[in-house]
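Below: one structure, written as structure tokens.
The values are calculated or read from the model by the stated rules, or taken from the named source; none is laboratory data. Just so you know, these numbers come straight off a predicted model, no measurement behind them. Every residue, glycine among them, receives a Cβ derived from its backbone with ideal geometry; neighbour counts consider all protein chains shown.
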Amino acid sequence: MSGGAHSFSMGVDLRGLESYLDQLGDAAEEAALPACAAVAKVYYDAARSFVPRSSKAHYFYGSSYKTTKKRYGPYNPGNLQASIYRVYSKDNSAPGRAVYHVSYNYKDAPYAHMVEFGTSTSAPHPFIRRAMYSQAVQKEALDAGEKVLMAAIDKAAA
């Protein structure tokens with residue numbers, strides 16, 4: 001091979017691949033809501049499982065109890081657990097991005113923050129923060145979301 005340079009040219013038609021990737025992208029975007037719902041369900045279940053539960057009806061006393069003698073309740077056993085919710089947030093979500101909130105209903109359990117954070121006379125019993133920061137719960141939540149997402153992509157790829 002003496003003399004001139006040798007070269008070759010080739011062309012690749014990627015239109016099929018682009019269409020395939022678009023299809024997978026659309027499937028992933030559509031799976032964002034159910035995947036996020038699966039993640040939120042894991043955190044919701046964990047928070048509910050971490051809530052301390054009284055064995056009988058109970059009251060709570062506000063910070064002004066010493067002067068007003070006002071108490072709130074009675075609240076049935078499991079009331080705080082029942083007040084925990086998960087809800088899809090339309091305002092914070094967008095195409096391909098779903099947001100859920102997991103918290104407690106303050107109107108149903110106005111003492112929830114005192115359980116979560118404690119008071120001057122009572123130790124905290126975190127249930128929302130414990131669910132949020134637990135490495136085991138985080139792993140389970142990510143696995144649940146990934147399972148839903150991969151199932152949607154596998155379906156689109158078939």
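How many residues are in contact with a strand residue (DSSP E or B) (Cβ under 6 Å, 6 or more places away or on another chain), β-branched (V, I, T) and either in a loop (DSSP other than H, G, I, E, B) or exposed (fewer than 14 other Cβ atoms within 10 Å of the Cβ) (or both) if we restrict to the stretch 101-158?
0
Here is a list of conditions, (1) surrounded by 13 or more Cβ atoms within 10 Å (Cβ to Cβ); (2) modelled with pLDDT under 80, and A35 meets all of them except one; can you say which number that is?
Of everything listed in (1) surrounded by 13 or more Cβ atoms within 10 Å (Cβ to Cβ); (2) modelled with pLDDT under 80, A35 misses just condition (2).
Would you pick out the residues in the stretch 79-100 that are surrounded by 13 or more Cβ atoms within 10 Å (Cβ to Cβ) and free of Cβ contacts under 8 Å to residues at least 60 places away in the same chain? Write out each step before concluding.
Start the filter on the stretch 79-100 by keeping residues that are surrounded by 13 or more Cβ atoms within 10 Å (Cβ to Cβ), which leaves 79-86, 88, 93, 96, 98-100.
Across the stretch 79-100, the qualifying residues are N79, L80, Q81, A82, S83, I84, Y85, R86, Y88.
Checking the condition modelled with pLDDT of 85 or more and aromatic (F, W, Y), which residue from Y88, Y65 passes?
Numbers: Y65 fails: modelled with pLDDT of 85 or more.
One residue alone meets the criteria, Y88.
Starting from the stretch 126-140, take each residue that is within 23 Å of Y111 (Cβ to Cβ) and list its partners that are outside any helix (DSSP H, G or I), counting only C-beta distances under 6 angstrom and pairs at least six apart or across chains.
What qualifies is F127/V51.
Residue by residue through the stretch 50-84, note down the ones that are β-branched (V, I, T) and under 29 Å from the mean Cα position of the chain (by Cα).
V51, I84 - these are the residues of the stretch 50-84 that are β-branched (V, I, T) and under 29 Å from the mean Cα position of the chain (by Cα).
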